[in-house]
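Engineer: Before I ask anything, here is the structure I am working with.
The values are calculated or read from the model by the stated rules, or taken from the named source; none is laboratory data. Every value quoted in this text rests on a predicted model; they were computed, and no experiment measured them. Don't worry about glycine lacking a Cβ; one is built from the backbone with ideal geometry, like all the others, and counts go over all protein chains shown. The accessibility values were calculated without ligands, DNA or RNA, using every heavy atom of the protein model including side chains. Shrake-Rupley method; radii C 1.70, N 1.55, O 1.52, S 1.80 Å.
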Amino acid sequence: MKFTETLKKNYEFQRLYHKGKSAVTPYLVVYARRSKRAKNRIGFTVSAKLGCAVQRNRVRRRLREIYRLHEAELRMGTELVVVARARAVHSDYHQMERAFLSACAKLGLLREAPQ
């Protein structure tokens, strides 16, 4: 993730949950908030309710890869938290990718195509 730093502290996640805008899809929830930084910051949350460690890590790896492939399409200076929902465990990669992009579009995070 070339243009991105990760969120690690609990208070950073809590700030986004309370003060950020959210977009909900059947597979995930994206919380976003503008920041004054030049880079994006992202965190991933996959609850223990979703399954064993193998399933949670698979979902987390997929989310990271989806973000990595599409990070150049996102506006800079944004903090994001992506929360996986129960359907994400049994969904395929393309469903999660469409869900992530649609949530980002709802939040206005996608850059306009150059003309």
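Engineer: Between A53 and K9, what is the FRET efficiency for a Förster distance of 30 Å, r being their Cβ-Cβ separation, to the nearest 0.05?
Structural biologist: 0.85
Engineer: Sticking with this one: Got a number for carbon plus sulfur as a percent of region 7-115's accessible area, 1.4 Å probe?
Structural biologist: 50
Engineer: How big is the dipole moment of the chain about its Cα centre under a simple scheme where the beta carbon of each Lys and Arg is +1, that of each Asp and Glu is -1, and everything else is neutral? Debye, nearest 20, please.
Structural biologist: So the dipole magnitude of the chain works out to roughly 400 debye.
Engineer: Rounding to the nearest 20 debye, state how big the charge dipole of region 62-115 is about its Cα centre with +1 on each Lys and Arg Cβ and -1 on each Asp and Glu Cβ.
Structural biologist: Using only the charged Cβ atoms, the result is roughly 180 debye.
Engineer: Classify region 12-67: rounded, prolate or oblate, from the alpha-carbon gyration tensor (a ≥ b ≥ c, eigenvalue square roots; a/c under 1.5 rounded; otherwise prolate if a/b is larger than b/c)?
Structural biologist: prolate
Engineer: Sticking with this one: If contacts are Cα pairs under 8 angstrom and at least 6 residues apart, what is the relative contact order of region 1-73 in percent?
Structural biologist: 33
Engineer: While we're on this one: Give the long-range amide H neighbours of L7: residues separated by 5 or more places, or on another chain, with amide H under 5 Å away, using H modelled in the peptide plane at 1.01 Å from N.
Structural biologist: Result for L7 returns I42, G43.
Engineer: On to the next question. With a point put 7 Å past each Cα toward its Cβ, work out how far E112 is from R61 in nm, to one decimal.
Structural biologist: That separation, rounded to one decimal, is 4.0 nm.
Engineer: Per residue, what accessible area does the chain have, given a 1.4 Å probe and all protein chains present, in Å²?
Structural biologist: 60
Engineer: Which of L63, L16, H94 sits closest to the plus end of the dipole of the chain, meaning its Cα is farthest towards the positive end, when Lys and Arg get +1 and Asp and Glu get -1 on the C-beta?
Structural biologist: Checking the options against the dipole of the chain, the answer is L16.
Engineer: Another one. Taking θ = phi - 60°, what integer Hz values does the Karplus form 6.51 cos²θ - 1.76 cosθ + 1.60 yield along region 4-9, in sequence order, with x for Gly and Pro?
Structural biologist: Using θ = phi - 60°, the values come out as 9, 10, 9, 7, 10, 8 Hz.
Engineer: Also, I was wondering about something else. Return the lysines within reach of K49: Cα separation strictly under 28 angstrom, same-chain partners fewer than 8 residues apart disregarded; answer none if there are no such residues.
Structural biologist: Qualifying lysines at Cα under 28 Å: K8, K9, K19, K21, K106.
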